[in-house]
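The values are calculated or read from the model by the stated rules, or taken from the named source; none is laboratory data. Fair warning: this is a prediction, and the values are worked out from it, not measured in the lab. No Cβ is skipped: glycine too gets one built from the backbone with ideal geometry, and neighbour counts run over all protein chains shown.
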Amino acid sequence: MNKTYVIAEIGINHNGDVNLAKQLIDKAKQSDCDAVKFQKRTIDVVYSQEELDTPRQSPFGTTTREQKEGIELDISEFQELEKYANDSGLDFIVSCWDLDSVDDIENHCNVKYHKVASAMLTDKEFLQKLNDTGKPIIVSVGMATEEEIDAALDILDNVEYVLACTSTYPTKADEVNLRYVTTLKEKLQGGDTWTGVGFSNHYNGLDACVGSVALGAECVEFHITMDRTMYGSDQPASIEDADDLVNAVRQMELMVGDGIKKVYDTEKPIAAKLRKINNVTL
């Protein structure tokens, strides 16, 4: 089995703090991840004025605007973090949530992949904008019907991975639906076309990511945090023990095997001993 592409989703768990973001990049590197991913929004585009004016208590103030602006990074900070990640040997990925953010990232950074968040899957103008960048794209399909997934993939020409996903934070065990990884592989890896299939995790614990690899996921993505009790909506669905998760993924890669029955050299002396006792000729 090929090495699984492992994405540490930092997202907004940095809480607007570049130093915390760098600590999370360090954590991803130490855990043998392949990439880190961030999120970018243009606040006045993504949210209505009415929503931004609503009261909301946070470490950043008393309104939703103050909260949203507090957790957002500016483009110079994205550039700084991209360099820090690349210098650490990690790919840098961004999920943009609006057209202006795509322009900012394209004009100032050089991401390995653009990522379509599940929330953006049905925005055709946005999808076309990403497609026009010419960059390879990763797509999450939480909250989506098969028809919506097909419509999105009809727009996107350069999809590297499609990730099975359930958009609840954290996801209940009976809503993870790992077998959808298999469904996607049947859908996207037959005939003349081949698109990588993976799993985006919002389940608490290691089981879902590891299980997805057993079912053939070629990419796994999970949120990471320094401390799940920190402020932030994504923290409770994030992983603190990223090294344990990645180690378990790497072990599962070895255990999956190639599906061909064989007698291993390590089995032969045992077979010789046990089958001789039972008068079975090898």
Output for region 176-201, where each listed residue is in a helix (DSSP H, G or I) and either surrounded by fewer than 18 Cβ atoms within 10 Å (Cβ to Cβ) or of a type in the set (Ser, Thr, Tyr) (or both):
Arg179, Tyr180, Thr182, Thr183, Glu186, Lys187
Only one of (1) surrounded by fewer than 23 Cβ atoms within 10 Å (Cβ to Cβ); (2) touching a helix residue (DSSP H, G or I) at 6+ places or on another chain (Cβ under 6 Å); (3) of a type in the set (Ser, Thr, Tyr) is not met by Thr168, so which one is it?
(2)
Do we have any residue at all in region 250-268 that's in contact (Cβ under 8 Å) with a residue 24 or more places away in the chain, outside any helix (DSSP H, G or I), out of contact with any Leu (no Cβ under 6 Å at 6 or more places or on another chain) and under 20 Å from Pro170 (Cα atoms)?
no
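So is Ile239 modelled with pLDDT of 95 or more and closer than 26 Å to Ser58 by Cβ or not?
Details: modelled with pLDDT of 95 or more: no; closer than 26 Å to Ser58 by Cβ: yes.
Taking the combined requirement at face value, the residue does not satisfy it.
Any residue in region 263-275 that is touching a helix residue (DSSP H, G or I) at 6+ places or on another chain (Cβ under 8 Å), surrounded by 14 or more Cβ atoms within 10 Å (Cβ to Cβ) and either on the phi < 0 side of the Ramachandran plot or at pLDDT 95 or above (or both)?
The answer is no, given that none of the residues of region 263-275 is touching a helix residue (DSSP H, G or I) at 6+ places or on another chain (Cβ under 8 Å), surrounded by 14 or more Cβ atoms within 10 Å (Cβ to Cβ) and either on the phi < 0 side of the Ramachandran plot or at pLDDT 95 or above (or both).
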Search region 96-144 for residues being of a type in the set (S, T, N, Q) and either assigned to a helix (DSSP H, G or I) or in contact with a strand residue (DSSP E or B) (Cβ under 6 Å, 6 or more places away or on another chain) (or both), and hand back the single one that is surrounded by the most Cβ atoms within 10 Å (Cβ to Cβ).
Ser140
So which residues in region 108-126 are in contact (Cβ under 8 Å) with a residue 24 or more places away in the chain and not aliphatic (A, V, I, L, M), if there are any at all?
His108, Cys109, Asn110, Lys112, Tyr113, His114, Lys115, Ser118, Thr122, Lys124, Glu125, Phe126
Could you go through region 71-82 and let me know if any residue there is in a loop (DSSP other than H, G, I, E, B) and under 23 Å from Leu188 (Cα atoms).
no
Conditions (1) surrounded by fewer than 16 Cβ atoms within 10 Å (Cβ to Cβ); (2) under 24 Å from the mean Cα position of the chain (by Cα); (3) at negative phi; number of the one not met by Asp53:
(2)
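Determine, yes or no, whether Lys27 is in a helix (DSSP H, G or I) and within 18 Å of the chain's Cα centre (by Cα).
Values: in a helix (DSSP H, G or I): yes; within 18 Å of the chain's Cα centre (by Cα): yes.
Yes; evaluated as a whole, the condition is true for this residue.
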Going by the conditions given, is Thr166 closer than 18 Å to Phe222 by Cβ and in contact (Cβ under 8 Å) with a residue 60 or more places away in the chain?
no
When you scan region 74-95, do you find a residue that is surrounded by fewer than 19 Cβ atoms within 10 Å (Cβ to Cβ), touching a residue at least 40 places away in the same chain (Cβ under 8 Å), hydrophobic (A, V, I, L, M, F, W, C) and more than 26 Å from Cys209 (Cβ to Cβ), even just one?
no
